[in-house]
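Everything below concerns the one structure shown next.
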Amino acid sequence: MKKQIIQSRVKRLTLALLLTFGEAQAIDGVVVIGHSNLSRLDAAMVQKIYTGKAVEVGGVAVTVINAKSGTPVRNQFLQAYLNQDEEKYTAYWTVRRYIGKGAPPTELQNAADVIKFVQATPGAVGYIDEAEVKPGINVLLRK
């Protein structure tokens, strides 16, 4: 009986923590999207773009967009495409900025903002939850 009460409390506490910190939001997967003037990318190029090691693709200057820090889509993107977590990624860009090698990509608040910016800005690259992909969105890479 006591064990069941403890298990029930642990389950409720776990659910409350997940809801509080937003980790309960499941996402279908992350896709990299781009302006219509960009063509498909491979994983190596996406990694170069998001680490500032490539600033153009096929002769087109890229403008890189990140999801807001700490969001599930950003966490999954960092893991799936860059094999990093938020702490490593932030540290990487802190060093690059300090030595004069650039600044991290601009962050936008939500998928709608990312889609709007990417579609309106030549050379723009971003990522969104696969569930947010609608007709007319140029998907550059899907893992």
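Of the candidates Ala111, Ala43, Ala124, the single residue that is in contact with a Ser or Thr (Cβ under 7 Å, 6 or more places away or on another chain), among the small types (Gly, Ala, Ser) and at pLDDT 95 or above is Ala124. Residue count for the stretch 75-90 under the criterion of being closer than 30 Å to Lys134 by Cα and in a helix (DSSP H, G or I): the result is 10. Tallying residues that are in a helix (DSSP H, G or I), among the hydroxyl-bearing types (Ser, Thr, Tyr) and surrounded by 15 or more Cβ atoms within 10 Å (Cβ to Cβ) within the stretch 91-143 yields 1. Selection of the stretch 71-90 for residues being crowded, with 16+ Cβ neighbours inside 10 Å, over 18 Å from Gly34 (Cβ atoms) and over 9 Å from the mean Cα position of the chain (by Cα) yields Gln84, Tyr89. Assessment of the stretch 47-70 against the conditions (of a type in the set (Ser, Thr, Tyr), farther than 16 Å from Lys143 by Cβ, surrounded by fewer than 14 Cβ atoms within 10 Å (Cβ to Cβ) and under 15 Å from the mean Cα position of the chain (by Cα)) yields at least one matching residue.
Which ones in the stretch 77-132 are among the aliphatic types (A, V, I, L, M), closer than 17 Å to Ile27 by Cα and in contact (Cβ under 8 Å) with a residue 60 or more places away in the chain? Once the filter is applied, which keeps residues that are among the aliphatic types (A, V, I, L, M), closer than 17 Å to Ile27 by Cα and in contact (Cβ under 8 Å) with a residue 60 or more places away in the chain, the stretch 77-132 yields Ala80, Val114, Ile115, Ile128, Ala131. The residues of the stretch 92-143 that are touching a Leu at 6+ places or on another chain (Cβ under 9 Å) and small (Gly, Ala, Ser), listed by number, are Gly123, Ala124, Gly126. Selection of the stretch 11-40 for residues being of a type in the set (Gly, Ala, Ser) and modelled with pLDDT of 55 or more yields Ala26, Gly29, Gly34, Ser36, Ser39.
The values are calculated or read from the model by the stated rules, or taken from the named source; none is laboratory data. Remember, predicted model here, so these are calculated numbers, not experimental data. Here Cβ is always computed from backbone atoms with ideal geometry, including for glycine, and neighbour counts include all displayed protein chains.
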